[in-house]
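Participant: What follows is a structure written as structure tokens; I'll ask about it next.
The values are calculated or read from the model by the stated rules, or taken from the named source; none is laboratory data. Note that the coordinates shown come from a computational prediction; the quantities given were computed from them, not determined experimentally. Cβ sites come from the backbone with ideal geometry, for glycine too, and all protein chains shown count toward neighbours.
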Amino acid sequence: MRAIFMHTFSSEFHTLQYIITKAERILLMAHSSPDADTVGAVLALKNYSLGMGKQVDVACFDPFPEFLKDVVEGIFIVPDRLELTSYDAVIACDSVERGFHKIVGKLNAGQVTVLIDHHPDINLKGDLSLIDASYSSVCELLYDFFIATKTPISKQMATCLALGILGDTGAFQHSNTTARVMEVASDLMRHGAPVARIIESVFSNKKLSTLKLWGRAFERAKINQRNGMIVTVVTHEDLVECGATSDDIAQVASILNTVPGTKFSLILSERGNGLVKGSLRSEEYKNTDVSEIAHQFGGGGHRLASGFEVQGRISETPEGWEIIPGV
Ligand SMILES: [Mn+2]
């Protein structure tokens, strides 16, 4: 039973509730290149804080993801346009090292910072940190927060939490889909979360631009026989020519991983400004720890899903692709 080994966070949950109760102005922060989990988490906490009469803003260095607009509504504000020191509490949700580190130095000592995450390897410290890698998602962790604080879960909050759980479990297909995840999802459905509609919007509803981009990525895929890696690349021109966005890249690594005989997948994508992003995925039965590879490139993540970012450009070789480091 995982429950025995998990943090119970009961005192941290009450501290978080206390921080939100005492704060007048709250800033919630979503990670850069926002995914369903960070979006669901900040919106669920926004809902909760608004219900307590707080003034709440949501900050992110990237815009609100198009592909989630059918499911939830939200406004993300670029941190540079906010008076960061005007908030009593700043709460970062999910992959807190992607974005939050850029604003933390601009805050005053009197402002309370909270980190809520389920990624290992987090080096940032908040005044309060709720970090536990045994959770499937930050949204699953927040569900426990709402239960522990006896918060009524509205249909809107249930939708936000289900969105994050479905996003990070790949609609219950990844190995982080524990029995507990299914119990939480079941309770969220009872509270009105439209699970089938979320799955359709997030996973099944593919735009032509997405399919064109995937076509290019799959066309180029190569298997490295030495290490069982299946790798492909998406260039900046691909995104432009297909009319696709970086949101459309996310699932490619997971789909490549379904190819028999492979140990893990890697998708390299150019993100402009000479930045190359690598997304690594594996499956439980493949017995491969992709976070070790991500670490070699200064990245991090989970055993089965990791990533890294490096400055450079992508170059083709007979065995796959290579990143030529550069500035
Ligand atoms: Mn997450």
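Participant: If GLY170 meets every condition in (1) more than 13 Å from the ligand (Cβ to nearest atom); (2) farther than 24 Å from PHE13 by Cβ apart from one, which number is that one?
Facilitator: (1)
Participant: Quick check, is ALA89 in the same structural domain as ASP132 (by TED's automatic domain parsing), in contact (Cβ under 8 Å) with a residue 24 or more places away in the chain and at negative phi?
Facilitator: Taking the combined requirement at face value, the residue satisfies it.
Participant: Check the range 81-88 and report whether any residue there is under 30 Å from ASP289 (Cβ atoms) and surrounded by fewer than 22 Cβ atoms within 10 Å (Cβ to Cβ). Give the derivation first.
Facilitator: To start, the set of residues in the range 81-88 that are under 30 Å from ASP289 (Cβ atoms) comprises none.
No; the residues of the range 81-88 include none that is under 30 Å from ASP289 (Cβ atoms) and surrounded by fewer than 22 Cβ atoms within 10 Å (Cβ to Cβ).
Participant: Out of everything in the range 256-296 that is modelled with pLDDT under 90 and either among the basic types (Lys, Arg) or within 24 Å of ASP238 (Cα to Cα) (or both), what residue ends up being surrounded by the most Cβ atoms within 10 Å (Cβ to Cβ)?
Facilitator: Across the range 256-296, the extreme among qualifying residues is ASN257.
Participant: Take the range 111-150 and flag every residue that is closer than 18 Å to ALA23 by Cα and of a type outside the set (Phe, Trp, Tyr).
Facilitator: GLN111, VAL112, THR113, VAL114, LEU115, ILE116, GLY126, ASP127, LEU128, SER129, THR149
Participant: Let me ask something additional. Would you say VAL42 is under 24 Å from ILE122 (Cα atoms), touching a residue at least 24 places away in the same chain (Cβ under 8 Å) and either in a strand (DSSP E or B) or away from the ligand (no atom under 16 Å from the Cβ) (or both)?
Facilitator: no
Participant: Which condition number in (1) more than 16 Å from the ligand (Cβ to nearest atom); (2) touching a residue at least 24 places away in the same chain (Cβ under 8 Å); (3) surrounded by fewer than 17 Cβ atoms within 10 Å (Cβ to Cβ); (4) of a type in the set (D, E, K, R) is the one that LYS125 fails?
Facilitator: Every listed condition holds for LYS125 apart from (2).
Participant: Just checking, how many residues over the range 24-63 are of a type in the set (A, V, I, L, M, F, W, C), more than 13 Å from the chain's Cα centre (by Cα) and either closer than 16 Å to GLU83 by Cα or modelled with pLDDT under 95 (or both)?
Facilitator: Summing the residues that are of a type in the set (A, V, I, L, M, F, W, C), more than 13 Å from the chain's Cα centre (by Cα) and either closer than 16 Å to GLU83 by Cα or modelled with pLDDT under 95 (or both) in the range 24-63 gives 7.
Participant: Scan the range 128-144 for residues that are buried (at least 24 other Cβ atoms within 10 Å of the Cβ) and away from the ligand (no atom under 12 Å from the Cβ) and jot them down.
Facilitator: Passing the criteria: LEU130, TYR143.
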